[in-house]
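Only one structure is covered here, and it is reproduced in the block below.
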Amino acid sequence: MVNDKKSTKQKILDQLKESPSWLSGEEISLNIGVSRVAVWKQIKSLLEQGYPVESSSRGYRMTAEGDYFTDLEFSSDKDILFYNELNSTMDEAVRQIGLQPAESRTFTILAEHQSAGINRTDGLWDSPSGGIYMTFVIRDSLPLASVKLMKQKGILTALQTLTALEGVQQEALSYSEEGGLFLNDRKIGGLLDEYQVRADKLLWYALGLGIHLNDSPPLPLTSVKMHCGREINRVSIIKNLKHDWELSRTADNKEIIEKLENNYVKK
């Protein structure tokens, strides 16, 4: 799980992002209380993670903004467990349910890509870099009857987040009751869930979400990038999805159903 205590590397990255000009190694080392050698080691690590840090006699600076999908981008959220690669976020979510401390009632599994992503029928779902692969976990007791509603809340979360993107029209989005997500009638992703039941209660509930965002899946699938003609910042999308999910899962049930039925077409 991402630690809420900032690492040296995170502090250096924050300074580079916030600075409009060059920062000397001495400035950085004084600001965060480490040696210049330690600063260089962390700069080197940032370069290895794909951050465009330029170095010269004047010091260091970030040369461009971009979609840097790393653990550092989510370090302020203690509920996110970030991985570069997983078999599937759902498998890891189920594993972590037995490992996370009791006080962690909700958490999110997030992966840069999946090597064995699964779809609703237990088949493989192609999950290359560039897409969204995450699973939300709730470890509070819920009524068994809430299973359908929880998936509806997930569907609404995804559709509302996509609607907020420039170039994605609300009327172009649709969904299936099983959890499929469609853009201009071509599938862009979907949701699946797993849960454990005792008597008439859910002991835990996990909702997996996958979206073709910046990848290029084969026809008849599509992606948001293919539709909009540009890449979408994944970090922003992830943060918006998580925020919207928290709002949806705690919202009035009737309100969720009305928003879904009144604003989006069910296939």
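We did not get these values from a lab; they are worked out from the coordinates using the rules stated. Model, not experiment: these values are computed from the prediction. Virtual Cβ from ideal backbone geometry, glycine too; neighbours counted across all protein chains shown.
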Q | Among (i) 23.4, 77; (ii) 20.4, 68; (iii) 17.8, 55, the entry that matches Rg and Dmax of the Cα atoms in Å as calculated here | A | (ii)
Q: List the trypsin sites (Lys or Arg not before Pro) within the stretch 158-244 that fall in a DSSP loop (any state other than H, G, I, E or B) and whose Cβ has at most 13 other Cβ atoms within 10 Å.
A: R230
Q | Mean separation of Cα contacts under 8 Å, 6 or more apart, over the residue count of the stretch 71-266: relative contact order % | A | 21 percent
Q. Quick one: M90, M62, fewest Cβ neighbours within 10 Å first, how do they rank?
A. M62, M90
Q. To the nearest Å, what is the center-to-center distance of the stretch 158-177 and the stretch 63-94, using C-alpha atoms only?
A. 23 Å
Q) If you place +1 on the Cβ of every Lys and Arg and -1 on the Cβ of every Asp and Glu, how big does the dipole about the Cα centre of the chain come out, in debye to the nearest 20? A) 320 debye
**Q.** Mean residue ellipticity (222 nm) of the chain, computed from DSSP H runs ≥ 4 via -39,500 (n - 2.57), nearest 500
**A.** -10500 deg cm²/dmol
Q) When only C-alpha pairs under 8 Å and at least 6 residues apart count, what is the relative contact order of the stretch 8-62, in percent? A) 43 percent
Q | Ranked list, fewest to most other Cβ atoms within 10 Å of each Cβ, for S88, S174, S216 | A | S216, S174, S88
Q | For F107, residues with placed amide H under 5 Å, excluding near neighbours | A | V137
**Q.** Of K6/K242; K11/K239; K9/K242, pairs whose Cα-Cα distance is over 23 Å
**A.** K9/K242
**Q.** Qualifying GluC sites (Glu not before Pro) in the stretch 41-144, DSSP loop, other Cβ atoms within 10 Å at most 12
**A.** E65, E103
Q. Among H212, H113, H243, which comes first, second and so on when ranked by fewest other beta-carbon atoms within 10 Å?
A. H243, H113, H212
Q | Along principal axes, Cα extents of the stretch 8-62, largest first, whole Å | A | 25, 20, 20
